[in-house]
Amino acid sequence: MPENIRLAAVLARNEQELLNDWLREQAASGTRTVRVLGETIVRDQSRRLLVAMREAFASGHTSIDDAAWREVREVLSEVSREGAASGLTPSETATFVFSLKRPLFAALRKATGNDANALADETWAATTLVDQLGLYTTEVFQKAREEIIQRQQSEMLELSTPVVKLWQGVLALPLIGTLDSRRTQIVMESLLERIVETGAEVAIIDITGVPTVDTLVAQHLIKAVTAARLMGTECIISGIRPQIAQTIVHLGVDLQGVTTKATLADAFQLALTRGGRSLPAATPSHG
Amino acid sequence: MERIPILKMGPFLLVTIQVEMDDHLAMTLQDDLTDRIARTGARGVLIDISSLTLVDSFIGRMLANVAAMARVLDAATVVVGMQPAVAITLVELGLSLPGIRTALNVERGMKLLRDALAPALDGASHDAGAADL
């Protein structure tokens, strides 16, 4: 491919000039890339990308999926991942690559002289290449963002399901946030594991932090209660707000004989009396 | 042929499932248990499934059926030591075993049976003891 040989030659010959022009172009593009990532980092990454591109061209392969372009892909991934982690938009990240077009075309024009046909061919080859690189950054960016979201999701799931021991034989599970099937599964598993560990006779599921209870959430709660019962532990659902009590009745949800209490305190008191223990001053005695 | 032992402890029958259940074993247990309840006049059955790690819908149904049959023969059933994974599986299968009492371990299961049958046992203990000996 003669065009690519010339493109490669242009890259090799004008590397320093291209780099300076490119950086100027990036600064002029009005994106936050330089400001957010830091000038030295952007300069270093731009330089490494140019070097990597020159080396990739030297191998003679033109598709960026080829092994020879691995280094190029790595530099681009780095830029995209850093951009995604520090809150840049996808277009800002892609502009990092696209701003190479103008300096590259200018260098090509200089190299081809008056040969309009050659210039057109070269420009086409260059633009195809830069587009490929730009698309690649967007792809990596998307992937990096998805990874971040997934990580946060799993962190949230772990954070939000503590099972606390309130008393000998009494566990409490304060639920915060909406219950979906995946969370219910995790909540159920951690509850049942703790039941085995502690040998608790009563478990209190407190739903003060659950914003809404619809038929699905109620079904999930009943599942958890049933599973605990199968293991020999009785469950009490507490923290039912007046609004939720109304919703439950209006929806016609049958809580299947599950004991419910308005507050965690009430449930705790019941749990203690069920276990044959008595609480010294359960009723408010002051005042 | 493999069989699950059924032990008699006073007015109760004690069944400890130490092996993985298959359908055939489950059917045999059902036969043996009903037979023993009828023969001994046991008032309570305690099934320990703490070694059971795998259940399917058939075994779940078998447990429910055994409890129902025991009830017909006037004996209360307590299932003890269910593993978390088993409990989750049964719930997902829609088998909540409504007629069965449950407890965390054998000790608590025994206490549950004694408490539940205390009034009946007080009156019947004399002739039940005489019949067994």
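The values are calculated or read from the model by the stated rules, or taken from the named source; none is laboratory data. Quantities reported herein were computed from a predicted structural model and do not represent experimental measurements. FYI the Cβ positions are ideal-geometry reconstructions off the backbone, even for glycines, and counts take in every protein chain you see.
Odds and ends about this structure:
- Whichever residue in segment A:214-230 is facing chain B (nearest Cβ under 7 Å) and either not polar (S, T, N, Q) or not in a helix (DSSP H, G or I) (or both) and, among such residues, is nearest to the chain's Cα centre (by Cα): A:LYS223
- Any chance A:THR247 is hydroxyl-bearing (Ser, Thr, Tyr), at pLDDT below 90, part of a loop (DSSP other than H, G, I, E, B) and surrounded by fewer than 19 Cβ atoms within 10 Å (Cβ to Cβ): no
- Inter-residue pairs, beta-carbon under 8 Å, first at pLDDT below 85 and in segment A:62-73, second of a type in the set (Val, Ile, Thr), 6+ apart: A:ILE64/A:VAL72
- Being farther than 22 Å from A:THR138 by Cα and surrounded by fewer than 18 Cβ atoms within 10 Å (Cβ to Cβ) is a condition met by at least one residue of segment A:30-50.
- Among (1) more than 28 Å from A:LEU76 (Cβ to Cβ); (2) in a helix (DSSP H, G or I); (3) in contact with a helix residue (DSSP H, G or I) (Cβ under 8 Å, 6 or more places away or on another chain) - the single one A:THR161 does not satisfy: (2)
- Only one entry in A:ILE240, A:ILE236 is under 17 Å from A:LEU270 (Cα atoms) and surrounded by 23 or more Cβ atoms within 10 Å (Cβ to Cβ), namely A:ILE236.
- Taken over segment A:93-132, residues that are in a helix (DSSP H, G or I), closer than 29 Å to A:ARG145 by Cα and among the hydroxyl-bearing types (Ser, Thr, Tyr) amount to 4.
- Segment A:136-189, residues that are among the polar types (S, T, N, Q), over 14 Å from A:GLY209 (Cβ atoms) and within 22 Å of the chain's Cα centre (by Cα): A:THR137, A:THR138, A:GLN142, A:GLN150, A:GLN152, A:GLN153, A:SER154, A:SER181, A:THR184, A:GLN185
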